[in-house]
Amino acid sequence: MRILVANVNTTASMTAAIGASAAAVASPGTEIIPLTPDVGADSCEGNFESYLAAVAVMDKVVRYEGEYDAVIQAGYGEHGREGLQELLDVPVVDITDAAASTAQFLGHKYSVVTTLDRTVPLIEDRLRLSGLLQRCASVRASGLGVLELESDPDRAVEAIVEQATRAVVDDKAEVIVLGCGGMAELEERVKAATGVPIVDGVRAAVTVAESLVRLGLSTSKVRTYATPRPKRVTGWPLTP
């Protein structure tokens, strides 16, 4: 099995970290292929960057020349998953959906701990669109930008732990979801501080994607995610 894991930003070191996290939970025989978009912002923390990332990820995936069995979009709360589902015949799993749905198996309510406060409404909207918001106790911001997760990891863990603890105590969350692909590999440190299950979207998405492939299931094409109608699309795919 081969799974493409597409980072939504253009920071290659973050792509590598996401790929390593995905590979750590992949089953024997599953190959993880990390992808970095050719265009876009070095971090996604708002609508402009998110929509830009959606186009860039779709472009990167459709121009990939090798064979693959599933695609993971590794951006929490980002746009674009629906477009990929229209374009592809293989399963498409977004880490937002994978993390939130997995959390619902583990407790009555879950909370998301993300980066900047401005991303909270985007995440809430994506969870609402996916039908996953009802079991969400809260979406909390750590106050750190995406790139700070790499540049100052100790401070990042401290901020994430603080908000996760508040979610458990104040919001009555029973599960914490790490709301950023760049938070991959922080589960154990946050779990040790909070005592509740911690779900990382990248790792959850790998197990979901593998399960769909093994079950022989993919996106329904009869209506909502039907293949795009043939027409001229100027300038597509993009020129890197």
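The values are calculated or read from the model by the stated rules, or taken from the named source; none is laboratory data. Since the model is a prediction, treat every value here as computed from it, not as a measurement. We place every Cβ from the backbone using ideal geometry, glycine too, and count neighbours over all the protein chains shown.
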Query raised in the report: modelled with pLDDT of 95 or more, part of a strand (DSSP E or B) and surrounded by fewer than 24 Cβ atoms within 10 Å (Cβ to Cβ) - does that describe any residue in segment 113-136?
Result: yes
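Does segment 212-233 contain any residue that is of a type in the set (A, V, I, L, M, F, W, C) and modelled with pLDDT under 95?
So in segment 212-233, the residues of a type in the set (A, V, I, L, M, F, W, C) come out as 212-213, 215, 217, 222, 226, 233.
Adding the requirement that they be modelled with pLDDT under 95 leaves 233.
So far as segment 212-233 goes, yes, one or more of its residues are of a type in the set (A, V, I, L, M, F, W, C) and modelled with pLDDT under 95.
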Requested in this report: Name, by its number, the condition in (1) of a type outside the set (D, E, K, R); (2) part of a helix (DSSP H, G or I); (3) touching a residue at least 40 places away in the same chain (Cβ under 8 Å) that does not hold for VAL39.
Outcome: (2)
Requested in this report: Identify the single condition in (1) more than 15 Å from the chain's Cα centre (by Cα); (2) under 21 Å from VAL25 (Cα atoms) that GLY179 does not satisfy, given that it satisfies every other one.
Outcome: (1)
**Report entry** The lone exception for GLU158 - which of (1) farther than 21 Å from VAL196 by Cβ; (2) surrounded by fewer than 21 Cβ atoms within 10 Å (Cβ to Cβ); (3) charged (D, E, K, R) it fails
**Finding:** (1)
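Return yes when THR207 is in the same structural domain as GLY29 (by TED's automatic domain parsing), out of contact with any Leu (no Cβ under 6 Å at 6 or more places or on another chain) and not basic (Lys, Arg) and no when it is not. Spell out how you get there, then give the answer.
Working: in the same structural domain as GLY29 (by TED's automatic domain parsing): yes; out of contact with any Leu (no Cβ under 6 Å at 6 or more places or on another chain): yes; not basic (Lys, Arg): yes.
Considered against the rule, which asks whether it is in the same structural domain as GLY29 (by TED's automatic domain parsing), out of contact with any Leu (no Cβ under 6 Å at 6 or more places or on another chain) and not basic (Lys, Arg), THR207 comes out as yes.
Scan segment 55-70 residue by residue and report those that are among the small types (Gly, Ala, Ser) and either under 24 Å from GLY143 (Cα atoms) or assigned to a loop (DSSP other than H, G, I, E, B) (or both).
Result: GLY66, single match.
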Report task. Give just the number: which of (1) free of Cβ contacts under 8 Å to residues at least 60 places away in the same chain; (2) closer than 15 Å to GLU78 by Cα does ARG118 not satisfy? Result -> (1)
Query raised in the report: Hey, any hits in segment 192-212 for a residue that's basic (Lys, Arg), surrounded by 12 or more Cβ atoms within 10 Å (Cβ to Cβ) and more than 20 Å from the chain's Cα centre (by Cα)?
Result: no
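Taking the conditions exactly as written (farther than 22 Å from VAL90 by Cβ, modelled with pLDDT of 80 or more and not charged (D, E, K, R)), does VAL190 satisfy them or not? Spell out the reasoning first.
On the way: farther than 22 Å from VAL90 by Cβ: yes; modelled with pLDDT of 80 or more: yes; not charged (D, E, K, R): yes.
Criteria met by VAL190.
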